[in-house]
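Notes follow once the structure below has been shown.
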Amino acid sequence: MHPNQTRLDDFYAAFSRLDADTMVTFYAPDAQFHDEAFSLRGHEQISGMWRMLCDGTKTKGDVWKLAYSGIEADAQRGKAHWEADYCFGQPGRLVHNVVDGVFQFDESGLITHHYDRFSFWAWSRQALGAPGMLLGWTPFLRRKVEAQAAANLQKYLSTRRTDTAQAVAA
């Protein structure tokens, strides 16, 4: 087994525990992440996204289940399949998301590019209810979800920066 395959297995094991602190150690400082809701550059944004998602799931006491399989990796590339069950938004709609991840690694084994792909329409029908059912296939709804995800991440990062600054000052 290649060490990068072990790293991906460790990454998803941490994800299954909602352990964002461990997950973010696998990314290079200048890494990029893309999925149907986020397009991120750099360790701060990617770390913030994982922490926001994991913290939010823990705080809500949501239903949470992650299953992963098909992990393959060599010195440069990797892939994995994962499926997550969780509640999204208010009133807490149950979502079963089926995702395929593709990775690129640097020479030290850190993730430089991470692409997660899933059916936006299938996700939006579950997560957003009627609007997702009716508009989930449209670029309009996709842009709206992307904008909301970006705004949520900026708010989360801003709050973390403020909390860190206050802790340092104290």
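Values for this structure:
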| item | result |
| --- | --- |
| Single residue of Glu146, Glu107 found to be closer than 30 Å to Ala75 by Cβ, acidic (Asp, Glu) and at pLDDT 95 or above | Glu107 |
| Count of residues meeting criterion [surrounded by 17 or more Cβ atoms within 10 Å (Cβ to Cβ) and under 15 Å from the mean Cα position of the chain (by Cα)] in region 67-87 | 6 |
| Residue satisfying condition, being under 14 Å from the mean Cα position of the chain (by Cα), of a type outside the set (D, E, K, R), part of a helix (DSSP H, G or I) and at pLDDT 95 or above, within set Thr6, Thr22 | Thr22 |
| Test result for Phe33, in contact with a helix residue (DSSP H, G or I) (Cβ under 7 Å, 6 or more places away or on another chain), at pLDDT 95 or above and part of a strand (DSSP E or B) | yes |
| Any hit, region 44-54, residues being more than 26 Å from Leu141 (Cα to Cα) and either buried (at least 19 other Cβ atoms within 10 Å of the Cβ) or among the aliphatic types (A, V, I, L, M) (or both) | no |
| Residue that is farthest from His114 (Cα to Cα) [pool: residues in region 7-59 that are out of contact with any strand residue (DSSP E or B) (no Cβ under 8 Å at 6 or more places or on another chain) and among the β-branched types (Val, Ile, Thr)] | Thr59 |
| Count - residues of region 7-32 that are over 21 Å from Lys65 (Cα atoms), polar (S, T, N, Q) and in contact (Cβ under 8 Å) with a residue 24 or more places away in the chain | 1 |
| Single condition Arg93 does not satisfy, out of (1) more than 19 Å from the chain's Cα centre (by Cα); (2) at negative phi | (1) |
| Enumeration of residues in region 38-92 that are among the aromatic types (Phe, Trp, Tyr) and either in contact with a Cys (Cβ under 7 Å, 6 or more places away or on another chain) or not in a strand (DSSP E or B) (or both) | Phe38, Trp50 |
| Top-ranked residue in region 15-34 [being touching a Lys or Arg at 6+ places or on another chain (Cβ under 7 Å) and not aliphatic (A, V, I, L, M); ranked as surrounded by the most Cβ atoms within 10 Å (Cβ to Cβ)] | Phe26 |
| Flag for Val98 being under 13 Å from the mean Cα position of the chain (by Cα) and of a type in the set (Val, Ile, Thr) | yes |
| Matching residues in region 62-93 - criterion: being within 17 Å of Arg117 (Cα to Cα) and hydroxyl-bearing (Ser, Thr, Tyr) | Tyr68, Ser69 |
| Count - residues of region 68-85 that are free of Cβ contacts under 8 Å to residues at least 60 places away in the same chain and more than 15 Å from Tyr12 (Cβ to Cβ) | 2 |
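The values are calculated or read from the model by the stated rules, or taken from the named source; none is laboratory data. From a predicted model like this one, the values you see are computed outputs, not experimental measurements. Note: ideal-geometry Cβ built from the backbone for every residue, glycine included; neighbour counts use all protein chains shown.
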